[in-house]
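Here the structure comes first, spelled out in structure tokens, and everything after it is commentary.
The values are calculated or read from the model by the stated rules, or taken from the named source; none is laboratory data. If you're wondering where the values come from, they're calculated on a predicted model, not measured in any experiment. Every residue, glycine as well, gets a Cβ built from its backbone with ideal geometry; the counts of neighbours run over all protein chains shown. Side chains are part of the model used for accessible areas, which takes the heavy atoms of the whole protein and leaves out ligands, DNA and RNA. Shrake-Rupley method; radii C 1.70, N 1.55, O 1.52, S 1.80 Å.
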Amino acid sequence: MAVRARVAAMRRRLRMADLPAYGWNALLCQGVWASRGFASMNRLTERHCRNSWDWDSCSPLCLSACLRHAWPRPRWPLERSVSDSAQVAPPLHGGTGSANIRSMSDPFALDDEAPASPPPSRASGPRPVPPDAPWLQGLNPEQFQAVTTTDGPVLVLSGAGTGKTKVLTSRLAHILASNLAQPWQCLAVTFTNRAAREMKERVGQLVGPVSDGIWLGTFHSLCLRILRSHAEAVGLGGDFTVLDSDDQMRVLKQVMAEAHVDPKGTPPQGLMATIQRWKDRAVTPDKAAADGGAEGQAKTLYRAYQDRLRSLNACDFGDLLLHVLTVFLSDAEALARWQGRFRYLLVDEYQDTNVAQYLWLRLLAQTHRNICCVGDDDQSIYSWRGAEVGNILRFEKDFPGAKVVRLESNYRSTPHILAAASTLIANNEGRLGKTLRPGIIHEPEAIEKIRTKAVWDGEAEARMVAEEIETLQRRGEKLSSMAILVRAGFQTREFEERLITTGIPYRVIGGPRFYERLEIRDAMAYLRLVVSAADGLAFERVVNTPKRGLGEAAVQTIHMVARAEQVPLLEAARRLVDTDELKPKARQALARFIEDVDRWRSLLESMPHPELAATILDESGYVDMWKADKSADAPGRVENLKELVAALEEYDSLASFLEHVALVMENDSRADLDSVVIMTLHGAKGLEFDSVFLPGWEEEVFPHSRALAESGTKGLEEERRLAYVGLTRARKRVLVSFAANRRIYNQWKSQLPSRFVEELPESHVERSGERGLHGGGLAESKAAWNDPAWSRARFGQPRRETAAAPSWGQAKPRESAGGFKPGARVFHDKFGNGTVLSLDGNKLEIAFDKAGIKKVLDSFVSAV
């Protein structure tokens, strides 16, 4: 009882001192143990407290170590000036130097008497920041305002290339240097792990190691940290597993099979998309719509899916936010605790937040209201994955009195690019409004107008782009500074084939990922099972991999016992080996497997985790399985397993590595090879290139027909924002192209230029094209852009597939003479003389004397 009281007293003191536990500020605990000469305690604390979020969650082992070694009382690392590169830790209660540290209340005091009143959680008051502070240097007036406006809600409308990352990092540094908050009282949210790493590095360069205490990461990673301490409130254990998409689908298929739902009538992928949309909108099974799909069973299956996840002690990505929201809305004390913890919130890419993320941020910001959201409503292009542009549009309503700062000085693109992009996006009605302007001076001879070019078909378009790339390469431009940005995946094939033919190196962003390979998934399942014995999916994946004589019937028996006795699969297997339910051979194999798992788990504390991983893969027979495999890819799989073990050395523990893989799945690319980038417009957001090629600007391709059909005006405006994103990726030059004919999913279609082409301002665009097409030859006249067919495209009127081809400039399409038959001789303006081979309505397949076999509309040819 005495020890328990002393532990409670110490925890009370630590909470009142507002100090973070080891997991969120390693410098503090490391400083304590190093000062007492207990270097080994650093490793011990790291291993046992990796999931703690405050002193209440510290492991008993570490607390007892504190009790044993706190006398004489350890001295905390001294605070130094913010600009001091050797800074170790932030101040605790104000002032600097050892005198202040000695005079403060010792957080390790073990007396049971609490202070009469809690000490302040920040220093005595704001600290003046010199005007020449490094984080304030080089800011333009708008950026300076965004950085130094630290009281109340702030919305920073940051246009493309206006330096939003600099604003975020400088603002964080300014808050810390001004002593407005301690590092652990600042929450900074990004959408990608790459952005989080970049921000952390930049802040660290400005203020030193003190930045390590900032809560900085993605929505999912931050919610994962919070959920670890509230897991029991949502029916999970503290060591719950975060499932990837493959395991999520396996669970859902099991649930559907048990409910006797036919996967042919209700595709699991569609049902999973419905469930994830519900989670993105913070909809729990109780609130889900009864008619959500799956023949009216979607709501029931959603509930069963969630129940199965809990039984597996697991959750998916959508649950990380949903469970935290559930805790906040059901536990006022927990919500108040987190609201009080974070004095400042900074949010990147606010325009891409979904409903759940929006609600999470609003809840956390209610107490201090010091929330700064940086975003660009003109770059909201992810509605298909739940993003709500309305979140940023109503910011001033959500936070009355908010300060809105517009960053309009662009430090990337030329004046022509900026003017064209601003004019294009101005056609959208749902926007807050801003106009980009050059923030740097460009050399007049280096400023090129945006070029638009009309071509005959996709093959000609690919050939033209490849020729442009070769021309730029001969001028000394790097291939890696060039990008082909497409609207849809089917557009890449022709470019890839052409680049292969011409020998131009390229890479398609979005290829296979390392952690999605079969052998890596199997190896990680072994590691997951060792870390969390309740991980049923990992058990199921590896229990008979490699083959151990445990067939489907044995696995089904284990499942039956697990469900009947409400225990994890590993525990059910443990109970089965003491019975005669399984055949002797299967029972012996299962017993050996359990013994192996138990032995590996016992080594977690004593063996370095890279060595343990290698031991597991070796003793399990998994590596030998692939070495014995005679297939061509087996040696490569063994090399991949070696790479996996090597990657573990970069992480503190198996658990931290597994969490990293669950949250991050980066593309494995060859960064050392100079190559052209091919990617979608959605994937290009946040990137920049000297030269950008934008092919396929045609109606029904861009804007995409599905976006218009499903979302109408809202979809059109998002497509226009996507065009804006494409234009603003370019630093020096942009080439927009469109084809008169396009082969889409093995079907030839005549195409009209996209309405976005006409919305580009004439004064900033140079139009050209093959003769007889829009933008080519004499067709560049204004009249060619006002013909009836173009007007139909512009205003979104429907076009019949069998309608006559539209006017394409001066070379007006001839009226169909009708009666064309196979064998007839015809003439085409571009391809010359040819012979008709076959007919398909008004489309002719013609063998031209010099151009080969082509498919054309009959109105473009005449009889010879």
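Is region 173-227 rounded, prolate or oblate when judged by the Cα gyration tensor, a ≥ b ≥ c being the square roots of its eigenvalues, rounded requiring a/c under 1.5 and prolate requiring a/b larger than b/c?
oblate
Once you have all Cα-Cα distances for region 142-211, histogram them in 10 Å bins from zero and send the whole-percent values.
In order of increasing distance, the bins hold 19, 56, 25, 0 percent.
Give me the percent of accessible area attributable to carbon and sulfur for region 245-312, probe 1.4 angstrom.
C and S fraction of accessible area: 51 percent.
How big is the Cα convex hull of region 245-312 in projection, averaged over all directions, in nm²?
Over every viewing direction, the Cα hull of region 245-312 projects on average to 4.2 nm².
Which FRET efficiency value, to the nearest 0.05, do you get for V404 and I447 by plugging their Cβ-Cβ distance into 1/(1 + (r/R0)^6) with R0 = 30 Å?
E(calc), rounded to 0.05, equals 0.45.
Just order 492-505, 453-466, 676-689 by mean Cβ neighbour count inside 10 Å, highest at the front, would you?
453-466, 676-689, 492-505
Using the Kirkwood radius built from alpha carbon pairs, what does the Stokes-Einstein equation give as D for region 132-276 at 10 °C and 1.306 mPa s, in µm² per second?
Using the Kirkwood radius from Cα pairs, D works out to 86 µm²/s.
What per residue convex hull volume, in Å³, comes out for region 464-570 when only alpha-carbon positions are used?
189 Å³
Under a point-charge model restricted to the Cβ atoms of Lys and Arg (+1) and Asp and Glu (-1), what is the dipole moment magnitude of region 245-312 relative to its Cα centre, in debye to the nearest 20?
About 160 debye.
So for region 824-863, what percent of the C-alpha to C-alpha distances run longer than 12 Å? Please report the intermediate quantities before stating the final value.
Working: 351 of 780 pairs.
Percent of Cα pairs beyond 12 Å in region 824-863: 45.
With just the Cα atoms defining each centre, how far is region 435-491 from region 676-718? Give it in Å.
Cα centres, region 435-491 to region 676-718: 16 Å.
Place the peptides 140-151, 530-541, 257-268 in order of packing, highest mean first, counting for every residue the other Cβ atoms within 10 Å and averaging per peptide.
530-541, 140-151, 257-268
Applying a 10 Å radius around every beta-carbon, put 315-325, 611-621 in order of their mean neighbour count, most first.
315-325, 611-621
For region 392-487, take every pair of Cα atoms, bin their distances at 10 Å starting from 0, and report each bin as a whole percent.
All Cα pairs considered, the percentages come to 12, 29, 32, 18, 8, 2.
For region 514-653, would you read off the P(r) tail past 25 Å as a percentage of all alpha carbon pairs?
Working: 2772 of 9730 pairs.
Counting pairs separated by more than 25 Å, the tail of P(r) holds 28 percent.
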